[in-house]
Amino acid sequence: MIRALVLLIFLAVPLAAAFAISDPAEMLPDPKAEARAEAIGRQLRCLVCQNESIEDSGADLARDLRHIVRQHVAAGETNKEIIAWMVARYGDFVRLRPPFEPLTWLLWASPALALVAGAVIVAFALREKRPPPAPLSAAEQRKLKDVLKS
């Protein structure tokens, strides 16, 4: 009995999360409009989770943003207009892929800059040659032998 209850809980928790994310009440009646709203939602960042789109997030704010996107789709706005409205309201951070413009050039170039910086550091580290240590004097060799014997 307890095993069945534990199994039910383990199976029900992921299913509950899945239903919370794709609530049928949120969906638009037109399948094409719904697919368009989902495509737009996949381009927008959940401002709570930050690493998920609003379509993948279960946060309350993401649910509200999905609802807003669907309202704009139902009103007949274009994808660009809807995304522009979200950017005007929340800034470029709401986009999962920020635009390539002067303000974001450093963001887009950062992976290449990190590789270049790493290569420069490695080059300097390999280039630096240290002289070999001086050989042990006769007194130091005797001391070493004494230490190794004991």
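The values are calculated or read from the model by the stated rules, or taken from the named source; none is laboratory data. This one's a predicted model, so the numbers in the text were calculated from it and none came from an experiment. Reconstructed Cβ throughout: ideal geometry from the backbone, glycine too, with neighbour counts over all protein chains shown.
Taking first residues from segment 84-103 that are surrounded by 14 or more Cβ atoms within 10 Å (Cβ to Cβ) and partners that are β-branched (Val, Ile, Thr), the Cβ contacts under 6 Å between residues at least 6 apart in sequence or on separate chains come to MET86/VAL94; PRO98/THR104. Checked against the criteria, VAL73 counts as in a helix (DSSP H, G or I) and either more than 23 Å from LEU28 (Cβ to Cβ) or modelled with pLDDT of 90 or more (or both).
Across segment 91-106, the number of residues qualifying as of a type in the set (D, E, K, R), in a loop (DSSP other than H, G, I, E, B) and either within 17 Å of the chain's Cα centre (by Cα) or within 16 Å of ASN51 (Cα to Cα) (or both) comes to 1. Taken over segment 50-68, residues that are out of contact with any helix residue (DSSP H, G or I) (no Cβ under 8 Å at 6 or more places or on another chain), surrounded by fewer than 16 Cβ atoms within 10 Å (Cβ to Cβ) and not in a helix (DSSP H, G or I) amount to 2.
For VAL122, indicate whether it is part of a helix (DSSP H, G or I), out of contact with any Cys (no Cβ under 7 Å at 6 or more places or on another chain), among the hydrophobic types (A, V, I, L, M, F, W, C) and touching a residue at least 24 places away in the same chain (Cβ under 8 Å). It is false that VAL122 is part of a helix (DSSP H, G or I), out of contact with any Cys (no Cβ under 7 Å at 6 or more places or on another chain), among the hydrophobic types (A, V, I, L, M, F, W, C) and touching a residue at least 24 places away in the same chain (Cβ under 8 Å). Would you check if LYS143 is surrounded by 11 or more Cβ atoms within 10 Å (Cβ to Cβ) and either assigned to a helix (DSSP H, G or I) or at negative phi (or both)? Taking the combined requirement at face value, the residue satisfies it. Among the conditions (1) β-branched (Val, Ile, Thr); (2) surrounded by 12 or more Cβ atoms within 10 Å (Cβ to Cβ); (3) modelled with pLDDT under 85, the only one that VAL13 does not satisfy is (2).
Quick grid of which residues meet (1) over 25 Å from PHE93 (Cβ atoms); (2) touching a Gly at 6+ places or on another chain (Cβ under 7 Å); (3) modelled with pLDDT of 85 or more:
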| site | (1), (2), (3) |
| --- | --- |
| ILE21 | no, yes, no |
| ALA25 | yes, no, no |
| CYS46 | no, no, yes |
| GLY58 | no, no, yes |
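Give the residues of segment 27-44 that are exposed (fewer than 14 other Cβ atoms within 10 Å of the Cβ) and either in contact with a strand residue (DSSP E or B) (Cβ under 6 Å, 6 or more places away or on another chain) or closer than 14 Å to ARG95 by Cα (or both), sorted by residue number. Scanning segment 27-44 gives ALA39, ARG42.
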